[in-house]
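What follows draws every value from the coordinates through simple rules; no lab data is involved. What you are looking at is a predicted structure, and each value in this text was computed from that prediction instead of being measured. Cβ: placed from backbone, ideal geometry, glycine included. Neighbour counts: every protein chain shown.
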Amino acid sequence: MGYITFLDLLGTKDFCGAPEIYNTNISIFYKEAQANSYRLKGVGKIGIFSDCLYAESKELRPMLDFLVSLRKSLCAQKLFFNAALTKGEIGIVNPTCSRDENFFGVAFERSDIASLYMKQNQFKGIGIWVDKELYSEINAIKSYRLVRSVFLPDVNAKRFQVYYDIAFELKNKVYDKYEVAVVKRVFNECLLAYTKSRRYGRYYLSIIATLINSYKDNKLSWNLLKSEFDQCPLIYSIVMRLAEDNGKIYPIIQGLDMLCLLIVDNVFKHKEITEIDRSRIVKKFMSFECLKKPYAYSINDLPEDVFSEDINRKRFIQIYQENIVNAQVDDLFKSQE
């Protein structure tokens, strides 16, 4: 059995009112898909129509190479896709048409196409949704990593869904041109999307979450006086700034609380962050309205799935209950001394 993917170019419906932009973006999509198609040469096929693409491969590595390379080249031009990757066969067939026939297109010989389409349609985010069947195989390939990410299945959903995506190559240097370019493009398009609709904007939650968890080496240090990170991945700073702003200048991103908790989860996994600094970081994050409003008086409602380990969620709750509440009580009784 081989490997199959289906993807949609994001936002094409919104471009229909601007034919020139629509044509430009579709042309870029076709051009980049064709430019990267060599990665499946000899092992697979690609079918493309309008803003959709199907691909199949006998081998996993070439399929990953194709998807990640296409993601990178489209992102460089501020275009993003929504993809699902699973095992199966779709049997892409290019019908042979004579001059007398008045039809053309791509046909499929296998029923796996139906389940593939359903999986892709249920993924309401930007990225590469990976089927559980492939986790162990992908983790065995040294040049690729799976990372936990989240998306909102519905614009009014209160519960997010966890999925696994292919990590970006981010190195967390003092200044990395690629990192800055990717993060800037993502947030530029994210904030622009929120000027159109929350339904459209929520798709960016997943790619931001994937970026947060993509760093191999999270160099972290906390500044007590400034109450901020001295050193951290760029995307941490951007998410914290949005959380601190709370809609005064920037749009409120749906799932901002999840992004903050993903950062805290990474803080708890970091070996060089002391327990004292962890307490200070929890205090800082719980001062953000996106976390304070839903969880300050119901801390046990913190979602379980957003943390990589249950112990990290328990530590977060413990720190909040013991340290933060104690500090509040001390402050409350100052006037009585």
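With label points built 7 Å along Cα→Cβ from the Cα atoms of S115 and Q34, find their separation and express it in nm.
Inter-label distance under the simple model: 3.4 nm.
Out of (1) 42, 20, 18; (2) 37, 21, 19; (3) 52, 32, 15, which label holds the value of semi-axes √(5λ) of the Cα gyration tensor in Å that was computed here?
(1)
Counting other C-beta atoms within 10 Å, which of T12, T5, T24 has the fewest, and how do the rest follow?
Lowest count first: T24, T12, T5.
Quick check on the chain: helices-only [θ] at 222 nm, where DSSP H runs of length 4 and up contribute -39,500 (n - 2.57) each and the sum goes over total residues. Nearest 500, please.
That calculation yields -13000 deg cm²/dmol at 222 nm.
Measure nothing fancy, just the Cα-based angle from helix 177-194's long axis to the longest principal axis of the chain, in degrees from 0 to 90, nearest 10.
Once rounded, one gets 90 degrees.
For a 32 Å ceiling on Cα separation, which of these pairs sit above it: K132/K226; K124/K248; K219/K248; K132/K293; K45/K269; K219/K283?
Distance filter (> 32 Å) returns K132/K226; K132/K293; K45/K269.
If the reach is capped at under 17 angstrom between alpha carbons, list the aspartates and glutamates near K284, excluding any in the same chain fewer than eight residues apart.
E228, D230, E244, D245, D257, D265, E275, E322, D331
Hey, with R₀ at 35 Å, roughly what FRET efficiency would N23 and D154 work out to, going by the Cβ-Cβ distance, to 0.05?
Computed FRET efficiency for N23 and D154: 0.65.
If one computes the Cα centroid of segment 187-266 and of segment 112-136, what distance in Å separates the two points?
Spelled out, the Cα-based centre of one part sits 25 Å from the other.
Each label point is 7 Å from the Cα along the Cα-to-Cβ direction; what then is the distance between the points at D245 and D330, in nm?
My value for the distance between the label points is 3.4 nm.
At what distance in angstrom do the alpha carbon centres of segment 29-98 and segment 269-337 lie from each other?
Computed from Cα coordinates, the inter-centre distance equals 45 Å.
Given contacts defined as C-alpha pairs under 8 Å and at least six residues apart, what's the relative contact order of the chain, whole-number percent?
After rounding, I find 12 percent.
Pick out, in residue order, every one of the trypsin sites (Lys or Arg not before Pro) in segment 184-265 that is DSSP loop and has at most 13 other C-beta atoms within 10 Å; say none if there are none.
Answer in residue order: K196, K216, K226, K248.
Long-range amide H contacts for G127: which residues qualify at under 5 Å (H placed 1.01 Å from N, peptide plane, sequence gap of 5 or more or a different chain)?
Under 5 Å from the amide H of G127 lie the amide H atoms of F81, N82, A83, each far enough along the sequence or on another chain.
Given the pairs K72/K171; K58/K171; K72/K177; K58/K142, which span a C-alpha to C-alpha distance of over 22 angstrom in this model?
Where the Cα-Cα span goes over 22 Å, the pairs concerned are K58/K171.
So, R0 is 56 Å and r is the distance between the beta-carbons of D301 and A140; what FRET efficiency does that work out to, to 0.05?
0.90
Percent antiparallel among DSSP beta bridges with both residues in the chain, to the nearest 5?
In the chain, approximately 85 percent of DSSP beta bridges are antiparallel ones.
Under a plain spin-label model, where a point goes 7 Å from the Cα along Cα-to-Cβ, how far apart in nm are Q122 and R61?
3.1 nm
To the nearest 20 debye, what is the magnitude of the charge dipole of the chain about its Cα centre, counting +1 on the Cβ of each Lys and Arg and -1 on the Cβ of each Asp and Glu?
Dipole of the chain, to the nearest 20 debye: 460 debye.
Order these peptides, 252-263, 156-167, 54-65, 292-303, by their mean beta-carbon neighbour count within 10 angstrom, highest first.
Per-residue mean Cβ counts within 10 Å order the peptides as 252-263, 54-65, 156-167, 292-303.
Report the extension gain between Q231 and D310 in nm, rounded to one decimal, defined as 0.36 nm multiplied by the number of residues separating them, less their alpha carbon distance.
Contour length minus Cα-Cα distance gives 25.8 nm.
Through the Karplus equation 6.51 cos²θ - 1.76 cosθ + 1.60, θ set to phi - 60°, convert the phi angles of segment 228-243 into ³J(HN,Hα) values in whole Hz; use x for Gly and Pro.
7, 6, 6, 9, 6, x, 3, 5, 4, 4, 5, 4, 5, 5, 5, 5
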